[in-house]
Amino acid sequence: ETDEELVGIFLEEADEILESAGTSLESWMEAPDNLIEVQSLQRDLHTLKGGARMAEIPELGDLGHELENLYEGLALGNLKPSPVLFQLLQACHDRLAVMVEGVKANKGLAPGNDLIAAIHGYIADPAGFVLPALHGAAAPAAAPAAPAPVAQAPVSVADDIPVSYTHLRAHETS
C-alpha cells in the first residue's frame, strides 16, 4: 500500500524531472558527444527512481533504475550512441511519462518488463540489438500491414487527397 503523502510529493517533482530529462535527451541526441547531457539524464533518472521507490511505486522505480544504468554505461564510455539506442531511450522516457500519468489517475501500472528486457538486450549486445515490439502505450507505432484502399476512405477536403489521385479526379470531371 502506498503512502498518499509520499505519492503526492513524488508527483509534484515527477513532471519537472521528466521535462528536464526530455530536454536533456533531445539536446544529447543532437550532440551525442556532449556527456554533460548524459550526466544530467543520469541525475534525473536517479532522482525519479528514488522518488518512485520512496512512494512505493516499484514499476516506475524499476524502469528508472535500468534506464539510469544505461545512462551510466554511456557516461563511462562503455556504450555508444546509435539510432536504435535513441529509439529505445525515447520509448523508455515515453513509458515513464505514461506511468506518471497513470499514478496521477490512480490507475494500476503495468511493469515495464518489456523495456527492461530491451535495455538488458542492448547492454549485452549493442551492435546486434534490434528494438523489439514493445507492449503498452509507449510502443512505437507499427507500420500497417497493407495500405487502406483509397476508395473506402471518405474524403471531404481536396488537400487530403494525394496529388496523383487529385489528378485522376480532375480528368474524371472534365
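To keep it simple, each residue is scored yes or no on (1) in contact with a helix residue (DSSP H, G or I) (Cβ under 7 Å, 6 or more places away or on another chain); (2) more than 24 Å from Gly102 (Cβ to Cβ); (3) buried (at least 19 other Cβ atoms within 10 Å of the Cβ).
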| residue | (1), (2), (3) |
| --- | --- |
| Ile36 | no, yes, no |
| Ser40 | yes, yes, yes |
| Leu48 | yes, no, yes |
| Gly51 | yes, no, yes |
| Met54 | yes, no, no |
| Glu68 | yes, no, yes |
| Tyr71 | yes, no, yes |
| Ala75 | yes, yes, no |
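Just to check your reading of the model, which residue among Asn34, Asn78, Asn69 is modelled with pLDDT under 95 and under 17 Å from the mean Cα position of the chain (by Cα)? Please lay out each step first, then the result.
Working: Asn34 fails: under 17 Å from the mean Cα position of the chain (by Cα); Asn78 fails: under 17 Å from the mean Cα position of the chain (by Cα).
None of the other options fit; the residue is Asn69.
Every residue, every condition in (1) within 30 Å of Glu4 (Cα to Cα); (2) in contact with an Asp or Glu (Cβ under 9 Å, 6 or more places away or on another chain); (3) at pLDDT 95 or above, yes or no:
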{"position": "Leu85", "(1), (2), (3)": "no, no, yes"}
{"position": "Leu88", "(1), (2), (3)": "no, no, yes"}
{"position": "Cys92", "(1), (2), (3)": "yes, yes, yes"}
{"position": "Ala138", "(1), (2), (3)": "yes, yes, no"}
{"position": "Ala148", "(1), (2), (3)": "no, no, no"}
{"position": "Ala158", "(1), (2), (3)": "no, no, no"}
{"position": "Pro162", "(1), (2), (3)": "no, no, no"}
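Of a type outside the set (A, V, I, L, M), within 20 Å of Glu13 (Cα to Cα) and assigned to a helix (DSSP H, G or I): does that describe Gly121? Show your work before the answer.
On the way: of a type outside the set (A, V, I, L, M): yes; within 20 Å of Glu13 (Cα to Cα): no; assigned to a helix (DSSP H, G or I): yes.
So Gly121 does not fit the description; no.
It is to be established whether one or more residues within the range 44-59 are over 14 Å from Glu13 (Cβ atoms) and polar (S, T, N, Q).
Checked against the condition, which is being over 14 Å from Glu13 (Cβ atoms) and polar (S, T, N, Q), the range 44-59 yields no hits at all.
Would you mind finding the one in Pro81, Pro111 that is open to solvent by less than 60 Å² (accessible area, probe 1.4 Å), in a loop (DSSP other than H, G, I, E, B) and over 20 Å from Glu5 (Cβ atoms)? Working first, answer last.
Working: Pro111 fails: open to solvent by less than 60 Å² (accessible area, probe 1.4 Å).
Sole residue among the options that is open to solvent by less than 60 Å² (accessible area, probe 1.4 Å), in a loop (DSSP other than H, G, I, E, B) and over 20 Å from Glu5 (Cβ atoms): Pro81.
Do the conditions hold for Pro144, that is, is it in a loop (DSSP other than H, G, I, E, B), out of contact with any helix residue (DSSP H, G or I) (no Cβ under 7 Å at 6 or more places or on another chain) and either modelled with pLDDT under 90 or surrounded by 13 or more Cβ atoms within 10 Å (Cβ to Cβ) (or both)? Walk me through how you get there before you give the answer.
On the way: in a loop (DSSP other than H, G, I, E, B): yes; out of contact with any helix residue (DSSP H, G or I) (no Cβ under 7 Å at 6 or more places or on another chain): yes; either modelled with pLDDT under 90 or surrounded by 13 or more Cβ atoms within 10 Å (Cβ to Cβ) (or both): yes.
In short, yes.
Residues checked against (1) within 16 Å of Leu88 (Cα to Cα); (2) touching a residue at least 60 places away in the same chain (Cβ under 8 Å):
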| position | (1), (2) |
| --- | --- |
| Glu12 | no, no |
| Asp15 | no, yes |
| Glu19 | no, no |
| Glu26 | yes, no |
| Leu35 | no, no |
| Gln39 | no, no |
| Glu59 | no, no |
| Gly64 | yes, no |
| Leu70 | yes, no |
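Consider Ser40 carefully, then state whether it is part of a helix (DSSP H, G or I) and over 22 Å from Gly112 (Cα atoms).
The answer is yes for Ser40.
The values are calculated or read from the model by the stated rules, or taken from the named source; none is laboratory data. Computed from a predicted model, the values in this text were never measured in an experiment. All Cβ positions, even for glycine, are placed from backbone atoms using ideal geometry, and neighbour counts span all protein chains on display. When the accessible area is computed, the model is the full protein with side chains, heavy atoms only, and any ligands, DNA or RNA have been set aside. Shrake-Rupley method; radii C 1.70, N 1.55, O 1.52, S 1.80 Å.
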